[in-house]
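Student: The structure follows.
The values are calculated or read from the model by the stated rules, or taken from the named source; none is laboratory data. If you're wondering where the values come from, they're calculated on a predicted model, not measured in any experiment. Cβ sites come from the backbone with ideal geometry, for glycine too, and all protein chains shown count toward neighbours. Heads up: the accessible areas ignore ligands, DNA and RNA and are worked out on the full protein's heavy atoms, side chains in. Shrake-Rupley method; radii C 1.70, N 1.55, O 1.52, S 1.80 Å.
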Amino acid sequence: MNTANSLLKKLITSNLYSRYSGILSLSDIPIFLIDTNGDILLELIPSPDFCTQICQENKKKVCFDYKSHLKPNCESKFVCQYGLENIIFPIIVQNETIGYIAGMQVYLKKNEHKKYMIDIHSLKDKKSIDLEYIAKCISSLKTVEANKIRIHEQLCGQIAKNISIDLSESISYKNLDIERLSIEKEILEKKIIDLEAKNMSLVVNPHFLFNTLNCIARIAYFENSHTTEELIYCLSDLLRYNLKQDNQLHTIGAEIDNIEKYLYIQKARFKNRLEYTIDVPENLKSYRIPNMVIQPIVENAIIHGITPKRDGGTVGIYAEKHNNDIIISIIDNGNGFPKEFLNRLEQSENKLGIGFWSTDKRIKKYYGEKYGLNILKSDYSGSTVTITISTQPILR
């Protein structure tokens, strides 16, 4: 098909990740878009380093195992030479395959032993890569349950099917009124931003709630002490603050008070594996900020930075004023955001991930385009994320 390349190009530039972010959030297993030559056009959920850095001859091209299974109009499921499960679904337009949705690159439990049979010395000689790095890449390969594999297969198949339908309709109805669709898209985006601004205050990670309640239950079981009472009060205040459904600006002081309760509860959970510091000058606490913009950043620092570290780490929250701007910094000494998360930042609008993008948009709504979130650093020495606001919001 002569238009295959233009269709795939159109597909990539159509903000594909944003369109499927809802169903993509159901899985953390790799999914990527490739053309009929095996070139990787877009990673929706990034592949593990073992596949991209070691198996593939080129980071932009699939490995030999994948390429050998690319068959027109035919779905393929296979286990690669290293025992990883894989799936390929064709994107079919007018009865011709123009590309594929592929993914998985994980172990089933029955094949997990193959991970430990990989000859790292031969890989070292072949790729000229450090042994320690190869071992680390292998150890990070995921093992998942069979039911999760089935769900991921359905997800890949649904995306491939939807793309095929969308592209087919695009050819059939290419004379659609683009300007009208653009206006409708803009209206919908504004509505989404308004809904996000109203509902971000309701978002509390369910895992955090479950872990917290379990922690409190264990403490209550082993001791009848003031610690239990204090934890329950903190959790109650935290939930009460989260359930405020107004879309008004709150004081920085109220936000920080909420963060302190959150960190107090996490400290009870992590014990000496978590330390935190809050240094916000009193003269800044009366300035106003959208509620629940600091807490998600702190939670990300703990989940992605501190939790994976055996010895834990520290989180610091600092604020300072520069002329008419206030800069709030969230700094941790954890492992940094995982590669998959950072890849998503690079692929999404404004270089920010879905949750970060929503928070950034809320801040810009109140203070203007020059304000918002910024990831200054994220590596194995830790992460630094800043929130910049104005002392004079343009929207009250």
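Student: Right, residue 138: part of a helix (DSSP H, G or I), in contact (Cβ under 8 Å) with a residue 24 or more places away in the chain and among the aliphatic types (A, V, I, L, M) or not?
Tutor: Spelling it out, residue 138 is indeed part of a helix (DSSP H, G or I), in contact (Cβ under 8 Å) with a residue 24 or more places away in the chain and among the aliphatic types (A, V, I, L, M).
Student: Is one or more of the residues making up the stretch 98-121 under 28 Å from the mean Cα position of the chain (by Cα), closer than 17 Å to residue 40 by Cα and hydroxyl-bearing (Ser, Thr, Tyr)?
Tutor: Yes.
Student: Follow-up question, since we're still on this one. I'm told residue 296 meets every condition in (1) in a helix (DSSP H, G or I); (2) in contact with a His (Cβ under 8 Å, 6 or more places away or on another chain) except one. Can you identify the failing condition by its number?
Tutor: (2)
Student: Additional query: Scanning the stretch 157-179 for residues that are surrounded by fewer than 14 Cβ atoms within 10 Å (Cβ to Cβ) and of a type outside the set (D, E, K, R), which turns out modelled with the highest pLDDT?
Tutor: So, considering only residues that are surrounded by fewer than 14 Cβ atoms within 10 Å (Cβ to Cβ) and of a type outside the set (D, E, K, R), the one modelled with the highest pLDDT is 165.
Student: Exactly one condition in (1) farther than 23 Å from residue 366 by Cα; (2) touching a residue at least 60 places away in the same chain (Cβ under 8 Å); (3) assigned to a strand (DSSP E or B); (4) not β-branched (Val, Ile, Thr) is false for residue 321; which is it?
Tutor: It fails just one condition, (1).
Student: Another one. Which ones in the stretch 255-311 are among the small types (Gly, Ala, Ser), more than 28 Å from residue 357 (Cβ to Cβ) and in contact (Cβ under 8 Å) with a residue 40 or more places away in the chain?
Tutor: Scanning the stretch 255-311 gives a single hit, 268.
Student: Which residue pairs have Cβ atoms closer than 7 Å, lie 6 or more positions apart in sequence or on different chains, and pair a first residue in the stretch 30-42 that is free of Cβ contacts under 8 Å to residues at least 24 places away in the same chain with a second residue that is part of a loop (DSSP other than H, G, I, E, B) and surrounded by fewer than 19 Cβ atoms within 10 Å (Cβ to Cβ)?
Tutor: Close Cβ pairs (under 7 Å, with a partner that is part of a loop (DSSP other than H, G, I, E, B) and surrounded by fewer than 19 Cβ atoms within 10 Å (Cβ to Cβ)) amount to 39/60; 40/60.
Student: To continue, here is another question. Does at least one position in the stretch 282-290 carry a residue that is open to solvent by less than 60 Å² (accessible area, probe 1.4 Å) and farther than 20 Å from residue 242 by Cα?
Tutor: yes
Student: So residue 114 fits all but one of (1) outside any helix (DSSP H, G or I); (2) surrounded by 13 or more Cβ atoms within 10 Å (Cβ to Cβ); (3) of a type outside the set (Val, Ile, Thr); (4) free of Cβ contacts under 8 Å to residues at least 60 places away in the same chain; what number is the exception?
Tutor: (1)
Student: Looking at residue 153 and the list (1) under 24 Å from the mean Cα position of the chain (by Cα); (2) of a type in the set (Asp, Glu); (3) not in a helix (DSSP H, G or I), which single condition is not satisfied?
Tutor: It fails just one condition, (3).
Student: Is there a residue in the stretch 240-251 that is modelled with pLDDT of 85 or more and out of contact with any Ser or Thr (no Cβ under 8 Å at 6 or more places or on another chain)?
Tutor: yes
Student: So, one more: Mind checking which pairs have a first residue in the stretch 367-382 that is hydroxyl-bearing (Ser, Thr, Tyr) and a second that is open to solvent by 70 Å² or more (accessible area, probe 1.4 Å) and assigned to a loop (DSSP other than H, G, I, E, B), Cβ under 6 Å, 6 or more apart or different chains?
Tutor: So the pair list comes out empty.
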